[in-house]
1. About its Cα centre, what dipole magnitude does region 127-225 give when the only charges are +1 on Lys and Arg Cβ and -1 on Asp and Glu Cβ, stated in debye to the nearest 20?
2. So which trypsin sites (Lys or Arg not before Pro) in region 149-205 are both in a DSSP loop and have at most 15 other Cβ atoms within 10 Å of their Cβ?
3. What length, rounded to one decimal in nm, is gained on full extension from S172 through to A70, with 0.36 nm per residue of separation minus their alpha-carbon distance?
4. As I understand it, the dipole of the chain uses +1 on the Cβ of Lys and Arg and -1 on the Cβ of Asp and Glu, about the Cα centre. Which of I117, L164, L24 lies farthest toward its positive end?
5. How far apart, in nm, are the 7 Å Cα→Cβ label points at I145 and I106?
6. Of the labelled options [x] 104, 42, 25; [y] 51, 39, 33; [z] 65, 46, 43, which one gives Cα extents along the principal axes in Å as computed for this structure?
7. Show that you can apply the helix-only estimate: for the chain, add -39,500 (n - 2.57) for every DSSP H stretch of four or more residues, divide by all residues, and state [θ] at 222 nm to the nearest 500.
8. Dipole of the chain (Lys/Arg Cβ +1, Asp/Glu Cβ -1, origin at the Cα centre): which of I12, L62, I130 lies farthest to the positive side?
Amino acid sequence: MTDPHRNVGRAILISIAVCVVVYLLVAFAVGSNLTLEQIITARDYALAEAAGPALGQTGFYLTVVLAVVATSSGLIASIFAVSRMLAMLTDMKLIPHSHFGMPGAIRDHTLVYTVVIAGTLAVFFDLGRIASLGAFFYLVMDIIIHWGVFRHLRHEIGAKGWVLLSAIALDSIVLAAFASLKWQTDPLIVIVSVALMGLVFAFVRTFLLLRPASDAHDTTEHAHM
């Protein structure tokens, strides 16, 4: 990519704008073909149900096929993205790693770990709860990252403090509203999210404290590079 400092930001903003337009059009299409009661009844397959009045059974099955393809591609992309991030953190010695007798590189192992964890979540939670769990983790992670950049890297990378603080404030508002809503409708997922985040923080804290000093030095050098 030419001029990534400018074009990456533009690409992100354009992608978000396109997604907003597409989502609004989809919502308008569903709302135009189904009543609120029908949407609530259909839930996860509301889009396929909305295709029925316009295109009949062919539209219904076509929408289902497209949804399966979209979900599969998104799932695969997410799995590879997360596994590569885990591999990077493992190389930086920020998280522990064990081969468990498996051959191949670390990124192959983290791919297996990611699939196993995702499969475990799918067994114990439905899609709605998994999405809620992901939302809690993402919002908290986003707040922590922005705060870390504001405290330690703001001047080094030329980030604007008001942008970072605004992002933290908006994330906090969304997190508070989402947590309040979920506490009223599904308090168990709130409790599970807080417990899992607490375990993650405790585990990482313990791991970093017990890490050899040489590993900590290597991680610092890697971060500065």
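Values in this text are rule-based calculations from the coordinates and carry no lab data. All of these numbers come straight from a predicted model, not from anything done at the bench. Neighbour counts are summed over all protein chains in view; Cβ atoms, including those assigned to glycine, are modelled from backbone coordinates with ideal geometry.
1. 240 debye
2. Qualifying residues, ordered by number: K160.
3. 33.7 nm
4. Toward the positive end, the furthest listed residue is L164.
5. Taking the simple label geometry, I145 and I106 are separated by 1.9 nm.
6. [z]
7. For the chain, the value works out to -29000 deg cm²/dmol.
8. Checking the options against the dipole of the chain, the answer is I12.
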